[in-house]
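One structure is given here, and the rest of the page talks about it.
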Amino acid sequence: CFATNDGTGDFSDALGNLYACFPSNDVTQLNSYVEPIACPTLTLSDGSAEITVCAGTEIFLDVVVTEATAEDVVWSDGSTGTNISTGVLTSGCEGQTLTFTASVAAGTVDACDEEVSVTFTVTVLPDL
């Protein structure tokens, strides 16, 4: 086993990958088999995180989550799931820039202590 115990019962290799020990009835093999812990990831499902639209437009924002469930994805407005609608966006004379963030909280998967997130920046052009 080329992993070292970090003092919490978790193990990490020289690259910093986290592992958990595989339970075994054979005490001599308890620490000789390690299984990688897959932490959650969030990625764009399509397109760009920088979006420009005209006032009066509704857009749908989508992310892809791995190693967690859609219910674990929380958006900045408090809703959950892998996609949200912005509703009809308005801007007035000046235009505006809005941000929408999808995140999976730290600790959603044991030993994964970092939150992962994707932030969309939506620029709404001013009314003409």
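Laboratory data are not the source of any read-out in this text; all were calculated from the coordinates shown. These numbers come from a predicted model, not from an experiment. Positions of Cβ are backbone-derived with ideal geometry, glycine not excepted, and every protein chain shown enters the neighbour counts.
Below, the figures for the structure above:
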{"read-out": "Point-charge dipole on Cβ atoms (K/R +1, D/E -1) for region 47-128, about Cα centre, debye to 20", "value": "320"}
{"read-out": "Spin-label pair SER117/THR52, simplified geometry with 7 Å Cα→Cβ offset, distance in nm", "value": "2.5"}
{"read-out": "Contour minus Cα-Cα distance for THR90 and ASP77 (0.36 nm per residue)", "value": "3.0 nm"}
